[in-house]
1. Within the stretch 105-112, can one find any residue that is closer than 16 Å to E13 by Cβ and surrounded by 15 or more Cβ atoms within 10 Å (Cβ to Cβ)?
2. Which condition number does V90 fail, the rest of (1) at pLDDT below 90; (2) in contact with a Leu (Cβ under 7 Å, 6 or more places away or on another chain) being met?
3. What is the number of the single condition among (1) surrounded by 12 or more Cβ atoms within 10 Å (Cβ to Cβ); (2) outside any strand (DSSP E or B); (3) of a type outside the set (V, I, T); (4) within 14 Å of the chain's Cα centre (by Cα) that W122 does not meet?
4. Here are V72, V88: which of them is hydrophobic (A, V, I, L, M, F, W, C) and within 27 Å of G127 (Cα to Cα)?
5. On the given criteria, is A43 under 15 Å from R99 (Cα atoms) and outside any loop (DSSP other than H, G, I, E, B)?
6. Against the definition (modelled with pLDDT of 80 or more, in contact with a Phe, Trp or Tyr (Cβ under 7 Å, 6 or more places away or on another chain) and not charged (D, E, K, R)), how does V109 come out, yes or no?
7. Based on what the data block shows, is E29 surrounded by 14 or more Cβ atoms within 10 Å (Cβ to Cβ), under 23 Å from R80 (Cα atoms) and not hydrophobic (A, V, I, L, M, F, W, C)?
8. Among the residues of the stretch 66-88, is any outside any strand (DSSP E or B), surrounded by fewer than 16 Cβ atoms within 10 Å (Cβ to Cβ) and on the phi > 0 side of the Ramachandran plot?
Amino acid sequence: MARLIGINHVALEVGDLDEALAWYGQFFELATVDLSERDIGMAFVEMGDQFIAFAEIKEPHRDAERHFGLVVDVDKPTMRAALEAAGVEVTPAPNCTFRDPWGNAVQVVCYDDIKFEKSERWARELGLTDGG
């Protein structure tokens with residue numbers, strides 16, 4: 001039996017790749033975007049050793065409870081303020097979950113609140129420490 005040891009990526013269905021990259025780019029730094037499979041309707045946003053795959057579809061839908069959490073290096077009130085300033089509906093505090101224009105539910109998770117390893121190596125890789 002295989003043991004689950006991590007997540008490589010999450011795939012989100014979106015109506016248009018350019019619109020999705022622009023929309024998410026309002027709130028998150030999308031430093032590395034791989035468009036090598038754009039011809040089949042895919043774009044990949046790198047996040048350290050994981051990524052989000054945007055998949056272009058013609059008939060979007062809205063899930064009831066399916067969601068995923070994105071870890072950020074700011075606090076929830078800061079993220080909430082940015083989302084609300086852009087007219088995005090956000091769940092009540094202390095939670096911070098929103099839906100993108102295609103119905104994907106995204107929960108904001110602060111780095112300090114996560115349970116995976118916070119080694120110095122990864123802190124340096126992610127630019128969360130000065131490396132000293």
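1. Yes, the stretch 105-112 contains at least one residue that is closer than 16 Å to E13 by Cβ and surrounded by 15 or more Cβ atoms within 10 Å (Cβ to Cβ).
2. Condition (1) is where V90 drops out.
3. Failed condition: (4).
4. V72
5. For A43, the condition - under 15 Å from R99 (Cα atoms) and outside any loop (DSSP other than H, G, I, E, B) - is not met.
6. Answer is no for this residue.
7. Spelling it out, it is not the case that E29 is surrounded by 14 or more Cβ atoms within 10 Å (Cβ to Cβ), under 23 Å from R80 (Cα atoms) and not hydrophobic (A, V, I, L, M, F, W, C).
8. Yes, because at least one residue in the stretch 66-88 is outside any strand (DSSP E or B), surrounded by fewer than 16 Cβ atoms within 10 Å (Cβ to Cβ) and on the phi > 0 side of the Ramachandran plot.
The values are calculated or read from the model by the stated rules, or taken from the named source; none is laboratory data. Just so you know, these numbers come straight off a predicted model, no measurement behind them. Heads up, the Cβs are rebuilt from the backbone with ideal geometry, glycines too, and the neighbour counts pull from every protein chain shown.
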